[in-house]
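Notes for the one structure printed next.
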């Protein structure tokens, strides 16, 4: 499997970061280039009855102050529009649609649509979490076409991501999967965790795996990455081999176990074991190990 096979990583969208502070240029481009405005509410997109593509319109939605320039795709401008609760309800009533989670529709979106959905979701959630300055507590205002927040005292904040490592560990014909207490029944996935301050990505992989399973690893290799705005992560994926197979659980995990490749394929096909969603990089890691489930 190649990095390009990971969901949400393929797109022709040009983010045009150099244009974010060029207000007049964007204003002029809006006049003669097609525009798409994507309404977003609490990170969710609007879906109309019977449609699997999220709703967008060629007219601005909501307040221009809550509009974010996403970039240019096939010579067309894309913007996300963060809505208030009332604006969202009014739009639902006007269109007959409803705001739904991207998780429900991810597999129906093409590469560019999926990327725009993740991008707009991430920006919407960031805006909602940055109403006030984290330094002085005064009100923030959006700047740089929605990509910067500036408070009354001039403190600037930019969108941030939280790096997380995720790893498929193998030992011969078996792989290590686990589940957390809060997950639905029978769901298993690869081990993962956030990178801590002052820690390298590689060190984070070794630490998380040992903390969650008591397994020491070797031959760590990079697999790929995936933006994951649920709410603001970047998943950095690896493959590794186990030095031992003696599992010990920590309090965070309900279960961690070794799965033989053939058994895992059989149980997944039977529905006895449920893997992470197909659009997740965790699923890509597992599929790379066991092959196409067909």
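For the reader, a short list of remarks on this structure follows.
- In the set (1) modelled with pLDDT under 95; (2) crowded, with 16+ Cβ neighbours inside 10 Å; (3) closer than 24 Å to residue 5 by Cβ, residue 253 fails one condition alone, (3).
- Consider segment 138-164 and keep the residues that are part of a loop (DSSP other than H, G, I, E, B) and in contact with a strand residue (DSSP E or B) (Cβ under 8 Å, 6 or more places away or on another chain). The one that is modelled with the lowest pLDDT is 161.
- Residues (out of contact with any helix residue (DSSP H, G or I) (no Cβ under 9 Å at 6 or more places or on another chain) and either within 20 Å of residue 183 (Cβ to Cβ) or outside the structural domain of residue 203 (by TED's automatic domain parsing) (or both)) located in segment 239-262: 251, 254, 255, 257, 258
- The residue that is nearest to residue 217 (Cα to Cα), among those in segment 130-161 that are within 23 Å of the chain's Cα centre (by Cα) and surrounded by fewer than 12 Cβ atoms within 10 Å (Cβ to Cβ), is 160.
- Residue match in segment 238-249 (condition: modelled with pLDDT under 95 and farther than 14 Å from residue 175 by Cα): yes
- Only one entry in 280, 221, 213 is surrounded by 15 or more Cβ atoms within 10 Å (Cβ to Cβ) and either touching a strand residue (DSSP E or B) at 6+ places or on another chain (Cβ under 7 Å) or without any contact (Cβ under 8 Å) to a residue 40 or more places away in the chain (or both), namely 213.
- Candidates 67, 12: the one that is outside the structural domain of residue 223 (by TED's automatic domain parsing) and farther than 19 Å from residue 146 by Cβ is 12.
- Just one of the listed residues (99, 79) is under 19 Å from the mean Cα position of the chain (by Cα) and farther than 30 Å from residue 224 by Cα, and it is 99.
The values are calculated or read from the model by the stated rules, or taken from the named source; none is laboratory data. None of these values were measured; they are calculated from a predicted model. Heads up, the Cβs are rebuilt from the backbone with ideal geometry, glycines too, and the neighbour counts pull from every protein chain shown.
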